[in-house]
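Visitor: Here it is, the structure in full.
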Amino acid sequence: MPDITRNPFSRRHLLTGAGRTLSLAAVSLIVGSKMKTASAADVSQDVKILNAAISLEHEGIAAYQIAATSGLLQPAVVEIGVAFQGHHKGHRDLLVKAVETLGGKPSAEKSLDEYAKDLNAASLKNQTDVLRLALGLERGAANAYLGLIPSLGPDFHQVAAQMAGDEAFHAAILANALGEPIPKDALIFG
Amino acid sequence: MKRQLNIMLCCCAALLSSSVFANDAKIPTAATATQLISEGDSVAPNAVSDDQIAAGGRLYKQRCGGCHSLDRNRIGPRHRGVYGRKAGSVGDFSYSEALQNFDVVWTESTLDKWLENPTAFANGTSMGFRLRKAEERKVVIAYLKSLSDTAESRGKK
């Protein structure tokens with residue numbers, strides 16, 4: 001732990017041990033304190049990765065918005081979509097808070113029109129198309145979170161795994177709605 | 001021998017499509033051979049089978065598709081033509097500084113290092129996603145490469 005003892009504002013005062021063992025809860029207790037320690041590079045690396053996750057959640061929120069207002073879904077399906085969108089908003093809010101707490105600037109969302117183009121929403125013709133798009137995104141998101149856990153600092157491992165869990169839950173419901181068979185083998189994601 | 005290889009390739013494709021990779025021993029040797037020889041031009045570079053490329057495409061959709069598309073910038077930059085391109089060179093994507101200044105051309109070996117651990121390869125990148133298994137990286141890279149290849153450069157099939 002180089003330098004840490006020389007810096008009165010170092011995170012030594014906030015950490016019980018060496019290294020980056022700060023929990024998300026602990027991070028939120030120290031909003032405003034600048035982290036200029038040996039692990040500043042790790043912190044800014046986390047900010048970068050968390051910001052990519054925020055972008056992912058922005059896109060997911062937009063996708064459900066586009067789906068819900070497409071006129072292609074039965075009311076009961078809209079309801080499910082809105083519930084899932086609520087989960088994505090929850091993820092976004094947590095991630096935004098984490099990035100701000102680390103001293104970063106959360107990534108901004110694009111316009112709904114841009115997301116519609118990016119996701120090729122114009123090609124959606126019926127409810128099945130919409131469900132397929134949503135399934136692809138949720139599956140991708142579950143896998144994305146699982147794959148970035150090892151690159152994140154340990155403070156964020158659990159929350160990223162929780163988010164992967166939510167996306168996997170969404171994917172399972174969507175796959176079931178589409179009549180997809182249950183995967184035979186274990187380790188369905190990741 | 002040839003039939004045996006074909007069976008192995010099919011086996012690999014089936015494994016890939018179910019996204020379970022329990023056994024490293026099931027990688028077709030052809031892929032390994034290509035990996036080693038494809039930097040040179042002297043050997044026909046078609047040792048990566050169409051099955052492997054197709055498997056790479058499925059894996060791409062499942063693992064990369066949360067963030068990437070071939071023709072649209074999303075969370076990450078669009079990917080068509082990325083093989084053989086300089087890193088950080090999609091004009092209308094806003095890269096991290098790390099990738100903008102990353103002086104690397106995407107080839108089999110650079111993509112392999114990147115996908116194994118992007119933040120170690122290009123410190124400060126915003127892509128944290130890792131593809132842990134070598135055989136998964138191999139087929140995804142083969143798929144990306146196939147999108148850059150012309151029919152001739154892939155050799156006759």
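Visitor: Identify the trypsin sites (Lys or Arg not before Pro) of the range A:117-190 meeting these criteria: DSSP loop state and at most 13 other C-beta atoms within 10 Å of the C-beta.
Guide: Sites meeting the loop and neighbour criteria: A:K125, A:K184.
Visitor: What are the ³J(HN,Hα) values, in whole Hz, obtained from phi via the Karplus relation 6.51 cos²θ - 1.76 cosθ + 1.60 with θ = phi - 60°, for each residue of the range A:71-78 in sequence order, with x given for Gly and Pro?
Guide: Couplings: x, 9, 9, 5, x, 5, 6, 4 Hz.
Visitor: Measuring from the lowest to the highest alpha carbon on each principal axis, how far does the range A:40-177 reach, largest first, in angstroms?
Guide: In descending order, the Cα extents are 49, 29, 20 Å.
Visitor: Run the dipole for the range B:69-111 about the Cα centre, Lys and Arg Cβ at +1, Asp and Glu Cβ at -1, nothing else charged, and hand back the magnitude in debye, nearest 20.
Guide: Around 200 debye, computed over the range B:69-111.
Visitor: D for the range B:46-156, whole µm²/s, Stokes-Einstein with Kirkwood Rh over alpha-carbon pairs at 10 °C and 1.306 mPa s: what number?
Guide: 112
Visitor: Separate question: Please report how many Lys pairs in the range A:40-177 have alpha carbons closer than 16 angstrom, counting only residues at least 8 apart along the chain or sitting on separate chains.
Guide: Lysine pairs meeting both conditions in the range A:40-177 amount to 6.
Visitor: Now for a different question. Under 14 Å from the Cβ of A:A161, count the other residues' Cβ atoms, weight Lys and Arg +1, Asp and Glu -1, and hand me the total.
Guide: -3
Visitor: Taking θ = phi - 60°, what integer Hz values does the Karplus form 6.51 cos²θ - 1.76 cosθ + 1.60 yield along the range A:81-87, in sequence order, with x for Gly and Pro?
Guide: x, 5, 5, 5, 4, x, 5
Visitor: Give, as ranges by residue number, the residues of the range A:163-190 whose backbone N falls under 13 Å from the point 7 Å along Cα→Cβ of A:Q127.
Guide: Inside the label zone: A:177-179.
Visitor: Count of lysine pairs in the range B:46-156 with Cα atoms under 22 Å apart, counting only pairs 8 or more residues apart in sequence or on different chains?
Guide: Qualifying lysine pairs in the range B:46-156: 13.
Visitor: Moving on to the next point. Any chance you could check the range A:127-173 for residues losing 50 Å² or more of accessible area when the partner protein chains are in, compared with the chain on its own (1.4 Å probe)?
Guide: A:N143, A:S151
Visitor: Which parts of the range B:116-141, residue by residue, lose 20 Å² or more of accessible area when the rest of the protein chains are there, as against the chain isolated (1.4 Å probe)?
Guide: Residues losing area: B:T119, B:G124, B:S126, B:G128, B:F129, B:R130.
Visitor: Order these peptides, B:85-96, A:170-181, by their mean beta-carbon neighbour count within 10 angstrom, highest first.
Guide: Averaged packing, sorted descending, gives the order A:170-181, B:85-96.
Visitor: Then there is this: Taking all protein chains as present, what is the carbon and sulfur share of the accessible area of the range A:44-170, in % to the nearest whole number, probe 1.4 Å?
Guide: On the range A:44-170, the fraction of accessible area on carbon and sulfur atoms equals 57 percent.
Visitor: Leaving out ligands and nucleic acids, note down the accessible area per residue over the range A:40-177 with a 1.4 angstrom probe, in whole Å².
Guide: Result: 43 Å² of accessible area for each residue.
Visitor: OK, next. I want the local charge near A:G190. Using Cβ-Cβ distances under 10 Å, sum +1 for each Lys or Arg and -1 for each Asp or Glu among the other residues.
Guide: +2
Visitor: I would also like to ask the following. Residues with beta-carbon under 15 Å from that of A:A62, excluding A:A62: net charge, scoring Lys, Arg +1 and Asp, Glu -1?
Guide: Once all neighbours under 15 Å are counted, the net charge is -1.
Visitor: Here's a follow-up. Compute for chains B and A the buried accessible surface, both sides summed, probe 1.4 Å, and express it in Å² to the nearest 100.
Guide: Buried area between the two chains comes out at roughly 1900 Å².
Visitor: Which far-off residues, 5 or more places away or on another chain, put their amide H under 5 Å from the one on B:N73, with H placed in the peptide plane?
Guide: B:R78
Visitor: Run the simple label-point estimate for B:T107 and A:F169 please: 7 Å along Cα→C-beta, distance reported in nm.
Guide: 4.7
The values are calculated or read from the model by the stated rules, or taken from the named source; none is laboratory data. Predicted, not measured: the structure shown is a model, and the values here were computed from it. Cβ coordinates were reconstructed from backbone atoms using ideal geometry, including for glycine residues, and neighbour counts include every protein chain displayed. Each accessible area value is taken on the protein alone, full model and side chains, heavy atoms only, with ligands, DNA and RNA left out. Shrake-Rupley method; radii C 1.70, N 1.55, O 1.52, S 1.80 Å.
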